[in-house]
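Notes for the one structure printed next.
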Amino acid sequence: MKGRKKISSVFLVLMLGFILAGCGEKTAESSSAGNSKEEETYKELETGDTAPDFTAELVEGGEITLSEQNGKIVLLNFWATWCSPCVREMPAFERLVEEYKDEVIVIAVNCMEDENAVAEFIKEKGYTFPVAYDVEGNICEKYPSDGIPYTLVIDKEGVIRKIYLGAGDAEEQYEEYKKAIEDVLEE
């Protein structure tokens with residue numbers, strides 16, 4: 001019985017490490033013409049980079065494509081329901097969406113969790129901004145980071161203007177994101 005508990009504990013620690021790495025840097029194989037394969041490595045993004053495009057299924061149904069949001073400021077957030085800083089900051093996104101209406105869109109990409117768990121969480125909290133599923137981690141792969149929450153402020157042309165790793169409470173994050181949005185709007 002003790003051996004089984006020890007194995008279970010080791011397995012749990014390994015799985016937790018994998019989950020916490022969530023959106024960490026990965027290497028993806030992609031097929032090119034013919035049978036040869038080339039590896040594509042995604043680099044950590046910096047301000048001034050163009051945000052990598054993606055299309056994702058939304059909790060509320062339908063899909064969203066990042067490049068179709070050009071003309072709006074995008075707050076792109078990577079999060080998980082088990083991440084307490086992620087959950088703590090989410091009311092800030094709702095408040096910003098209400099305040100900026102058509103000028104700003106928040107896209108919250110859930111990092112590799114079960115769709116039902118994510119949908120239930122969003123329904124329970126009543127959030128109205130777009131929440132995207134990334135069950136396989138394909139979007140997270142394009143946005144490698146040292147952890148979550150990971151939030152990018154993307155300007156109207158699709159350029160990353162500000163990057164946040166980690167989060168405080170909703171009020172603190174609201175003020176931070178509002179300042180970043182205002183800086184982009186003033187240019």
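The values are calculated or read from the model by the stated rules, or taken from the named source; none is laboratory data. All values derive from a computational prediction rather than experimental measurement. Glycine gets a Cβ as well: all are built from the backbone with ideal geometry, and neighbour counts include every protein chain shown.
For the reader, a short list of remarks on this structure follows.
- Which numbered condition T81 fails, given (1) assigned to a loop (DSSP other than H, G, I, E, B); (2) surrounded by 22 or more Cβ atoms within 10 Å (Cβ to Cβ); (3) of a type outside the set (D, E, K, R): (2)
- Residue in segment 98-111 that is of a type in the set (S, T, Y) and more than 13 Å from C86 (Cα to Cα) present: yes
- Unique match (being modelled with pLDDT of 95 or more, charged (D, E, K, R) and in contact with a strand residue (DSSP E or B) (Cβ under 8 Å, 6 or more places away or on another chain)) among D183, D169, D114: D183
- Scoring E141 on the criteria (1) surrounded by fewer than 17 Cβ atoms within 10 Å (Cβ to Cβ); (2) acidic (D, E); (3) in a helix (DSSP H, G or I) leaves a single failure, condition (1).
- Subset of segment 174-187 (residues that are surrounded by 17 or more Cβ atoms within 10 Å (Cβ to Cβ) and either more than 19 Å from the chain's Cα centre (by Cα) or closer than 24 Å to P52 by Cα (or both)): E176, Y177, A180, I181, V184
- Scan of segment 97-129 for residues that are in contact (Cβ under 8 Å) with a residue 60 or more places away in the chain, hydrophobic (A, V, I, L, M, F, W, C) and part of a helix (DSSP H, G or I), ordered by number: A119, I122
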